[in-house]
Amino acid sequence: MSRLVRGLSLTVLVLAITGCASAPAPDASSPSSLSDLEAAYGALDRADASVVTAVSVEGAPVAVREFGALQDDSIPAEKTLVDIGSITKTVTAVAISKLVDQSGVRLDEKLAEIFSGVPDDKSDITVEQLLTHSSGLPESVGDDFEQIDRDELLRRAFASPSIEIPGTRYAYSNVGYSILAAIIEVRSGKSYEEYLRDEVLAPAGIGGIGYLSEYVDELSMRSTSGESVREASWGAHEVSWNLVGNGGLVTTAPTFVRFLQELTSGGLLSPASLDRLQQPHIAEDDAGSSFYGYGLVVQDVPDLGRIYWHDGGNDVFSAEWSLYADHGDVIFTAGVDAAPGESAAGAAASVLREHLYGAKD
């Protein structure tokens, strides 16, 4: 499974803006020059963390920079392959939404209508419940490195005990997103990677997001011990179905920013599907401080407006994206974590937000 590191940094940002009366309110406008970005880059240089960043302000061309040990690896920042972790869920949600646009599946369609042998307690789980983490399925049914195929993933998922009544509340599930990847394969007749490439990315002129089909070892980000993504994230073999659809996709920083820009400009999905994807469908906590859409978090932050985001990590690599809808700004960070429980990408994103929007996490 792809370990969850989401849920902290932007929630803290909300508190930083709303919870301290003595803190100055951030400038509501996006930066109109490169000066704020350059100041952020200076801070990241001093931090010396191994991160790559891609930032587009108000729709401007993407600025890509790398820091720390990545500056010495001979791989250009714009070509460094990174593990996006649980951000894979954003991609899978877009792919399922595309299949909906193609009438290949319905959001209200139940597992029993798609697969055979679904037990009674899971037969009524819908595609939308899988997308919003409200299926009641567990977080995982195996380790990322364990080599299992699609059939074994489904067998384990269907045999697993439900942790919630489907449709009642949010419970983050990597398993649910792997089932979504299986639905894509069953209904499209293509592998997950083939469908993503042929039906989602290629029509928009995008390449470079995938598993083995896009992996080049010489371009891989390396862990602190020198391991590649294939070694440190996949177990040095083909990607397991404990990861497919929910974690472990590789791409480059500028490619993912372009993917987000194409998505939000309507280049990947119908207007109706894009609107559903970005809706705040279910609260992630009892306080309602953040909501989950389809493969993304939705938050409304005073003085900044609506923010869409997701992150991910596995205690080796981390990544985070955020899109400031009211400003047209996109931030993507990916990095090498110095120790378990730390997120180099999250820390870098916090530095960028502090300098661009005046809010300190």
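Determine ³J(HN,Hα), in whole Hz, for all residues of region 331-341 in sequence, where each value follows from phi through the Karplus function 6.51 cos²θ - 1.76 cosθ + 1.60 and θ = phi - 60°; x replaces Gly and Pro.
Residue by residue, region 331-341 yields 10, 10, 9, 8, x, 9, 7, 6, 7, x, x Hz.
Which of the lysines could be linked to Lys89 by a straight reach, that is with a Cα gap under 19 Å, when you skip same-chain ones fewer than 8 residues away?
Candidates past the 8-residue exclusion: Lys98, Lys190.
So in the chain, what percent of DSSP beta bridges are antiparallel if you round to the nearest 5?
Bridges in the chain are about 95 percent antiparallel.
Using the per-residue mean of other Cβ atoms lying within 10 Å as a proxy for protection, in what order, highest first, do the peptides 320-328, 60-68, 125-133 fall?
125-133, 320-328, 60-68
Around Leu81, which amide H atoms from residues at least 5 apart in sequence, or from another chain, sit under 5 Å from its own amide H, with H modelled in the peptide plane?
Amide H to amide H, under 5 Å and 5 or more residues apart or across chains, Leu81 pairs with Ser220, Met221.
Measure nothing fancy, just the Cα-based angle from helix 174-188's long axis to the longest principal axis of the chain, in degrees from 0 to 90, nearest 10.
Taking Cα atoms only, the helix is inclined about 60 degrees.
Given charges of +1 on the Cβ of Lys and Arg and -1 on the Cβ of Asp and Glu, with all other atoms neutral, how large is the dipole of the chain about its Cα centre, in debye to the nearest 20?
Once rounded to the nearest 20, the dipole reads 500 debye.
What is the P(r) of the chain, as percent of Cα-Cα pairs per 20 Å bin from 0?
32, 59, 9
Is there a quick way to get the dipole size of region 238-340? I mean about its Cα centre, with the Cβ of Lys and Arg at +1 and of Asp and Glu at -1; what is the value in debye to the nearest 20?
Here the size comes out at about 380 debye.
Set Lys and Arg Cβ to +1 and Asp and Glu Cβ to -1, take the dipole of region 68-188 about its Cα centre, and tell me which of Phe145, Ile75, Tyr177 lies farthest positive.
Highest projection toward the positive end goes to Tyr177.
Just want to confirm a number: the relative contact order over the chain, from Cα pairs under 8 angstrom separated by 6+ residues, in percent.
Taking the mean separation of contacting Cα pairs over the length of the chain, I get 29 percent.
Can you work out ³J(HN,Hα) from phi for every residue in region 164-173, in order, using Karplus 6.51 cos²θ - 1.76 cosθ + 1.60 and θ = phi - 60°, giving whole Hz and x for Gly and Pro?
Values, residue by residue: 8, 6, x, x, 9, 7, 6, 8, 4, 9 Hz.
Return one number: the angle in degrees, 0 to 90 and rounded to the nearest 10, between the long axis of the Cα atoms of helix 9-18 and the longest principal axis of the Cα atoms of the chain.
The two axes meet at around 60 degrees.
So if each residue of separation counts as 0.36 nm, and I subtract the Cα-Cα distance between Ala43 and Arg106, what length gain in nm does that give?
Fully extending the segment from Ala43 to Arg106 adds 18.0 nm.
Compute the accessible area per residue over the chain, keeping the other protein chains in place, probe 1.4 Å, unit Å².
For the chain, the per-residue accessible area is 38 Å².
On the protein heavy atoms, probe 1.4 angstrom, tell me the percent of accessible surface of the chain carried by carbon and sulfur.
49 percent
By how many degrees, between 0 and 90 and to the nearest 10, does the Cα long axis of helix 150-159 differ from the longest principal axis of the chain?
On a 0 to 90 degree scale, this one is about 80.
The values are calculated or read from the model by the stated rules, or taken from the named source; none is laboratory data. No experiment lies behind these values; they were computed from the predicted model shown. Methodologically, a virtual Cβ is constructed for each residue, glycine included, from the backbone with ideal geometry; neighbour enumeration extends over all protein chains shown. Note: accessible area is taken over every heavy atom of the protein model, side chains too, but ligands, DNA and RNA are not part of it. Shrake-Rupley method; radii C 1.70, N 1.55, O 1.52, S 1.80 Å.
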